[in-house]
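Since the structure comes first, as structure tokens, the remarks are kept for the end.
No lab work stands behind these numbers, since they all come straight from the coordinates. Nothing here was measured: the structure is a model prediction, and the numbers come from that model. A quick note on method: Cβ atoms are made from the backbone with ideal geometry, for glycine too, and the neighbour counts reach across all protein chains shown.
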Amino acid sequence: MRTRSRSQPRAVPCEACGREPAYSFSWFADPADWYGERSGTWRITGNCTADSEQYYVLFRRRGRDGFLDSAAAQAEWIAHLREKVWFNIWDFTAMLDRFVEAGGSLRTAGPRRRLVKP
Ligand SMILES: [Zn+2]
């Protein structure tokens, strides 16, 4: 019989201060290219950037709307972000790679879906 691992993925530290667990993917506009096409920087952050980030996507929200809550929520976030002119999916996915590298997990319950349409 297969059993699901009950171990939680490791908390990923905030990239800004390194001293708190991160809870959001946060976007910082580039002052030299304010909301420009595919601009700005995505970082994995906690509370310390709450006043300096221009946009954020929570890891978890009501067990439903967070990026890590479900495959459907993840796909919806990506579709939503792709409509924004400033969204740089390459910077975003590079951040997701760092998240996984730091011990985070992008796996969600439910059926797997493609994150990005070709
Ligand atoms: Zn921090």
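Report the trypsin sites (Lys or Arg not before Pro) located in the range 33-109 that are in a DSSP loop and have at most 16 other Cβ atoms inside 10 Å of their Cβ, or state none. All intermediate terms of the calculation are to be shown ahead of the outcome.
Numbers: sites: Arg38, Arg43, Arg60, Arg61, Arg62, Arg64, Arg82, Lys84, Arg98, Arg107; in loops: Arg38, Arg60, Arg61, Arg62, Arg64, Lys84, Arg107.
Hits after loop and neighbour filter: Arg38, Arg60, Arg61, Arg62, Arg64, Lys84, Arg107.
Which residues does the label zone of Glu20 cover in the range 27-67, counting backbone N under 18 Å from a point 7 Å along Cα→Cβ? Answer for the range 27-67: 27-28, 43-61. Under a model in which nothing but the beta-carbon of Lys, Arg (+1) and Asp, Glu (-1) is charged, the range 24-101 shows a dipole of about 300 debye around its Cα centre. Close amide H contacts of Arg38 (hydrogens built in the peptide plane, cut-off under 5 Å, sequence separation of 5 or more or a different chain): Trp86, Phe87. Ranking Ser70, Pro31, Phe99 by how far each Cα lies toward the positive end of the dipole of the range 24-101 (charges on Cβ) leaves Ser70 at the top.
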